[in-house]
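What follows draws every value from the coordinates through simple rules; no lab data is involved. Please read all numbers here as calculations on a predicted model, not as lab measurements. Because the Cβ atoms are built from the backbone with ideal geometry, glycine has one as well, and the counts that use them run over all protein chains shown.
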Amino acid sequence: MVGYIRFADRLSAWFGKTFGWLVILMTFGMSYEVMVRYLFNAPTPWALDLSFIMYGTLFMMGGAYTLSRGGHVRGDFLYRTWSARTQAAVDLVLYIVFFFPGILALVVTGTKYASRSWSYTEVSVNSPAGIPIYQFKTVIVAAGILLLIQGIAQVFRCIMCIKSGAWLEAEDDVEETEELLIKQAALAAKK
């Protein structure tokens, strides 16, 4: 189980970090749009569509990575007061009852949308540029598959926690700004 968990975490991290670079592309694209719109009075017909497509892709492809690092929203005001075994048992039930049916629906429905979109090479109707969007409908399916892979890893984490009483933590690769500031303040206070 640990081997699969580490595989899923690394896979999710690779996709999340790779698609995270879309933030840079979105920044350049929107900066270019603002510049040509306001300095040269020559707005582009494609910038808004492209920013929506890139943001949607970033959001979808980062979902499994966020799940692997425990970054999704939950009712922490209750959850954090429970023992690790109780947390794992509740998580396990919620994964089975809600998560997996939702993700399977996402993959099945996303496959239908993507195949239909590819069949007629769909373009965006929101702008005169007619940006092709059929390839981005495939992101729905890819994100669903990544979430499914990571969801199985999370179920394994729950099972291991129920047995041992302790969570198997994800590998550290990022740190919350607040935690970093607390550490820096603690170091400064010791000096």
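Mind checking the dipole of the chain: about its Cα centre, +1 per Lys or Arg Cβ, -1 per Asp or Glu Cβ, Debye to the nearest 20? If you can, show how the numbers build up before the last one.
Values: 16 positive and 14 negative charges, 65 e Å.
Using only the charged Cβ atoms, the result is roughly 320 debye.
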Next item on the list: Name the long-range amide H neighbours of V123: under 5 Å, sequence gap of 5 or more, or other chain; modelled H, no Pro or chain starts.
Entry: I133
Next item on the list: Find the Cα radius of gyration of the chain, compare it with 2.2 N^0.38 Å by division, and give the number to two decimals.
Entry: 1.28
Note to self: Of I162, F99, Q135, which is farthest towards the positive pole of the chain's charge dipole, taken about the Cα centre with +1 and -1 on the beta-carbons of Lys, Arg and Asp, Glu respectively?
What the structure shows: I162
Next item on the list: Tabulate in residue order the Karplus-calculated ³J(HN,Hα) for segment 57-65, using 6.51 cos²θ - 1.76 cosθ + 1.60 with θ = phi - 60°, rounded to whole Hz; enter x for Gly and Pro.
Entry: 5, 4, 4, 5, 6, x, x, 5, 4
Note to self: If you average the C-alpha positions of segment 42-66 and of segment 100-165 separately, how far apart do those two centres end up, in angstrom?
What the structure shows: 15
Item checked: Gyration tensor (alpha-carbon) shape descriptor, segment 1-84, a/c threshold 1.5 -> prolate
Checklist line | In the chain, lysine pairs closer than 26 Å at Cα, eight or more apart or cross-chain | finding: 4
Next item on the list: For the chain, find the longest principal axis of its Cα atoms and tell me its angle to the long axis of helix 22-38, 0 to 90°, nearest 10.
Entry: 30
Next item on the list: Specify the angular offset, from 0 to 90 degrees and rounded to the nearest 10, of the alpha carbon long axis of helix 134-164 from the longest principal axis of the alpha carbons in the chain.
Entry: 10
Notebook entry, point to check: How high is the relative contact order of the chain, in percent, with contacts defined as C-alpha pairs under 8 Å that are six or more residues apart?
Noted result: 29
